[in-house]
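Chemist: First the structure, which I've put down as C-alpha cells, then a few questions once you've had a look.
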Amino acid sequence: MSHHDHHDDENPGVSRRRVLECMTWAGTGVLWTVTGGVPRSLGLVDSAAAAEPAGMTFLQISDSHVGFDKPANPNALGTLEEAINKVKAIPTKPSFMIHTGDITHLSKAAEFDNAERIISQAKLDVHYVPGEHDFIDEEVKLYKERYGKGTKGAGWYSFDAGGVHFVGLVNVVDLKAGGLGNLGNEQLEWLEDDLKGKSKSTPVVLFAHIPLWTVYPQWGWGTEDGARALEYVKGFGSVTVLNGHIHQVMQKVEGNVTFHTARSTAFPQPVPGTAPSPGPMKVEDAKLRGLLGVATINFKQNNQPLAIIDTPLQG
Amino acid sequence: MISATLRSPGIRRLGIRSLGIRSLGLAIAAAMLLHVNFASAEDAKVENTNVETAKVEDTKVMIDNFTFEPAQLTVKVGTTVTWTNRDDIPHTIVSAGKFRSKTMDTDGTFSFTFTTAGEYKYFCSLHPHMTGTVKVE
C-alpha cells in the first residue's frame, strides 16, 4: 500500500482551499476519520472492520461494467460477484447500498439483468445513479426502466436515512464538446430547492458518477458545473461527496466537505497523468483484486468523525 | 442522382468492414456490377461516379488512448472518413446537428461521407474531452 499527500498543483502555495489530498492506491484499505478537516488514518482495514461500528453504516459500490471482457479483466461479472460476497460477509448488516454508476459496460439488457441478479444477492436496498456507460442503448431507456422510478429528469432524486439527507445526482448526460461532466441548470435548480428548508446540522451526502470536484480535467475527470452544486451545500456542517468513474480511491477534504471516489469492481484505471490515457489498466492477475473493491461509510451520530473504509477484494 | 445512390452505399459498407485493399477491390467490383445492371439513360452519370471514386481518397481516423488521430483533418468534398475505435472502452463520434454514430465498442467503426464543404467539429459524447475537426474543401 502506498499513499501520499499533495497540494493542489494548480494553486501552489495557496492556503485558501486548505487542500489535503490523500490517495490510497494499492493494497489494503484504510479507515479514515475526519476531525477538524484533516483526515487521519487509523489503521488497516481488517482491524478497523473488526471494530463494532456505531451509528448508521451504508455501502458504496461502483463501476461494475458488467459485460466488460477485455484483458484488464475478462470476467467483470465474476469480480462483481466477489464484491457482493464481501458485502454479504459483513458482520453488521449495512442499512443500504449506493451504486455510483457504470453498472453495465454497454447498456445491454442482458448486462443490466446480470448485474441485477448478482447485486440483489446482497439483499440490501440499492440506490443507483447512472454512469455514461448506462445510457448508451439506442433508445436510452433500459436504465430508466429499471432504476428511474420516482426520479426526476435523467434520474436524480433524494431520500433521508438515519438522519442523513442523501442526494443522487446525474452528471453524465448532455455533455458538451471539450467539457467535463455536466449537471445542467434544471438539476441544479432542483438541488437548490431540495436543500432549502433542511436544517444546516443535517449531514448531507451527494453522490454521482463522475467526480463533482476537478480531479484531472485532461482526462475529463471533473464536473463542469460541480462548483454550483457545492455552493448549495456550503452552509451545512457535514457534507460528503461520493463518486466513481475514476476506478481508484481518492480522497480530499475541503472545509466542511469530504470528497471520496470508490474503486471499481471491474478494472483499475491509472493514477492521473501516469499513463497515456484513462483506459483500463492491465495489471498482473495476482494484483487485480487488490485494486478492486467496495467502500463502507459509517456515520456516528452526535459525533464528529465520519469513517470511510475501502476494502479491496483481496488485500 | 442514381450515381450518388450507387456510390454511397458501396463506400459505406466498405467503411464498416475495413479499408483493406481487398475490400476496396470488392467494392469497386460491386459498383461495376451495379453499373452493368442499371446501365441505361443514366449511363453517363454512373461513369462520372467511377471517376470520382478513384479520385477522392477515403480517409481513416484512429481512436487510440482516448485521442483521435489525426485530430485535425482536411479532405475534399465527397470523401468518406472512417473512424475506428482501438480502445478497450466504447466511444462515439458526434458532430452537433450534422452526424452522430452509434456507440462503437472495441474495433467498431463509423463512416461518414462529407458531401458539403465546411468545418465539422466533432467529439465523443461519452468522453467530451475527446475532440476533432474535419475540414471539407
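The values are calculated or read from the model by the stated rules, or taken from the named source; none is laboratory data. Keep in mind it's a predicted model, so treat the numbers as computed, not measured. When we count neighbours, we look across all protein chains shown, and the Cβ atoms used for this are built from the backbone with ideal geometry, even at glycine.
Chemist: So which residues in the range A:140-154 are away from every other protein chain (no Cβ under 12 Å), among the aliphatic types (A, V, I, L, M) and either under 10 Å from A:Ser107 (Cβ atoms) or in contact with a His (Cβ under 7 Å, 6 or more places away or on another chain) (or both), if there are any at all? First the steps, then the outcome.
Modeler: Residues of the range A:140-154 that are away from every other protein chain (no Cβ under 12 Å), as a first pass: A:141-154.
So of that shortlist, the ones also among the aliphatic types (A, V, I, L, M) come out as A:142, A:154.
A:Leu142, the sole residue that qualifies.
Chemist: Quick check on the range A:131-139. Is at least one of its residues farther than 19 Å from A:Phe68 by Cα and within 14 Å of another protein chain (Cβ to nearest Cβ)? Let's see the steps before the verdict.
Modeler: Here is the first cut: in the range A:131-139, the ones farther than 19 Å from A:Phe68 by Cα are A:139.
Add one more test, that the residue is within 14 Å of another protein chain (Cβ to nearest Cβ), and what stays is A:139.
Within the range A:131-139 (the criterion being farther than 19 Å from A:Phe68 by Cα and within 14 Å of another protein chain (Cβ to nearest Cβ)), the answer is yes, since at least one residue qualifies.
Chemist: Could you figure out which of (1) within 14 Å of chain B (Cβ to nearest Cβ); (2) crowded, with 21+ Cβ neighbours inside 10 Å; (3) without any contact (Cβ under 8 Å) to a residue 60 or more places away in the chain; (4) not hydrophobic (A, V, I, L, M, F, W, C) isn't true of A:His209?
Modeler: Unmet for A:His209, out of (1) within 14 Å of chain B (Cβ to nearest Cβ); (2) crowded, with 21+ Cβ neighbours inside 10 Å; (3) without any contact (Cβ under 8 Å) to a residue 60 or more places away in the chain; (4) not hydrophobic (A, V, I, L, M, F, W, C): (3).
Chemist: Filter the range A:151-173 for residues that are modelled with pLDDT under 95 and assigned to a loop (DSSP other than H, G, I, E, B) and give the result.
Modeler: A:Gly162, A:Gly163
Chemist: Considering each residue of the range A:195-212, count those that are over 12 Å from A:Leu230 (Cβ atoms) and assigned to a loop (DSSP other than H, G, I, E, B), and give that number. Steps first, please.
Modeler: Step one: list which residues in the range A:195-212 are over 12 Å from A:Leu230 (Cβ atoms), which gives A:196-203, A:205, A:207, A:209-210.
If we keep only those that are assigned to a loop (DSSP other than H, G, I, E, B) as well, we get A:196-203, A:209-210.
Total meeting the criteria: 10.
Chemist: Okay, moving on. Counting only residues that are over 16 Å from A:Gly226 (Cα atoms) and assigned to a strand (DSSP E or B), which one in the range A:242-284 is modelled with the highest pLDDT?
Modeler: A:Met250
Chemist: Checking A:Gly237 against (1) within 14 Å of chain B (Cβ to nearest Cβ); (2) touching a Lys or Arg at 6+ places or on another chain (Cβ under 7 Å); (3) of a type outside the set (Lys, Arg), which single condition isn't satisfied?
Modeler: Exception for A:Gly237: condition (1).
Chemist: I'm checking my understanding of the structure. Among residues of the range B:96-110 that are of a type in the set (Ser, Thr, Tyr) and within 18 Å of A:Val140 (Cβ to Cβ), which one is surrounded by the most Cβ atoms within 10 Å (Cβ to Cβ)?
Modeler: Of the residues in the range B:96-110, the ones of a type in the set (Ser, Thr, Tyr) are B:101, B:103, B:106, B:109.
Keeping just the survivors that are within 18 Å of A:Val140 (Cβ to Cβ) gives B:101, B:103.
Details: B:Ser101: 20, B:Thr103: 22.
Checked the range B:96-110; the qualifying residue surrounded by the most Cβ atoms within 10 Å (Cβ to Cβ) is B:Thr103.
Chemist: Anything in the range B:111-130 that is in a strand (DSSP E or B), crowded, with 19+ Cβ neighbours inside 10 Å and within 14 Å of chain A (Cβ to nearest Cβ)? List them, or say none.
Modeler: B:Tyr120, B:Tyr122, B:Phe123
Chemist: Something else about it: Is it the case, given these coordinates, that A:Val257 is hydrophobic (A, V, I, L, M, F, W, C) and crowded, with 20+ Cβ neighbours inside 10 Å?
Modeler: yes
Chemist: Hey, any hits in the range B:66-86 for a residue that's within 14 Å of chain A (Cβ to nearest Cβ), within 14 Å of the chain's Cα centre (by Cα), of a type in the set (Ser, Thr, Tyr) and more than 24 Å from A:Asn171 (Cβ to Cβ)?
Modeler: no
Chemist: When you go through B:Thr80, B:Thr84 one by one, which is the residue that is more than 23 Å from A:His105 (Cα to Cα), touching a Ser or Thr at 6+ places or on another chain (Cβ under 7 Å) and modelled with pLDDT of 95 or more?
Modeler: Numbers: B:Thr84 fails: more than 23 Å from A:His105 (Cα to Cα).
Unique residue meeting the criteria: B:Thr80.
Chemist: Next question. In this structure, does A:Val215 turn out to be closer than 25 Å to A:Ile119 by Cβ and out of contact with any Asp or Glu (no Cβ under 9 Å at 6 or more places or on another chain)?
Modeler: On the way: closer than 25 Å to A:Ile119 by Cβ: no; out of contact with any Asp or Glu (no Cβ under 9 Å at 6 or more places or on another chain): yes.
It is false that A:Val215 is closer than 25 Å to A:Ile119 by Cβ and out of contact with any Asp or Glu (no Cβ under 9 Å at 6 or more places or on another chain).
Chemist: Out of the residues in the range A:124-139 meeting the condition of being assigned to a loop (DSSP other than H, G, I, E, B) and in contact (Cβ under 8 Å) with a residue 24 or more places away in the chain, tell me which one is farthest from the chain's Cα centre (by Cα). Even if it seems obvious, please write down each step before you answer.
Modeler: Applying the first criterion (assigned to a loop (DSSP other than H, G, I, E, B)) to the range A:124-139 yields A:124-125, A:129-131, A:135-139.
Pick out the ones that are also in contact (Cβ under 8 Å) with a residue 24 or more places away in the chain and you get A:124-125, A:129-131, A:135-137.
Numbers: A:Leu124: 17, A:Asp125: 17, A:Val129: 10, A:Pro130: 12, A:Gly131: 11, A:Phe135: 18, A:Ile136: 21, A:Asp137: 23 Å.
By that ranking, first place goes to A:Asp137.
Chemist: Does the range A:96-123 hold any residues that are part of a loop (DSSP other than H, G, I, E, B) and under 23 Å from A:Val167 (Cβ atoms), and which are they?
Modeler: Applying the first criterion (part of a loop (DSSP other than H, G, I, E, B)) to the range A:96-123 yields A:96, A:100-103, A:105-108, A:123.
Listed by number, the residues that qualify are A:Phe96, A:Thr100, A:Gly101, A:Asp102, A:Ile103.
Chemist: Which residues, taken from the range A:163-179, are surrounded by fewer than 23 Cβ atoms within 10 Å (Cβ to Cβ) and in contact (Cβ under 8 Å) with a residue 24 or more places away in the chain? Before you say what the answer is, go through the steps one by one.
Modeler: So the first thing to find is which residues in the range A:163-179 are surrounded by fewer than 23 Cβ atoms within 10 Å (Cβ to Cβ), and the list is A:163-167, A:173-174, A:176-179.
A:Gly163, A:Val164, A:His165, A:Phe166, A:Val167, A:Val173, A:Lys176, A:Gly179, listed by residue number.
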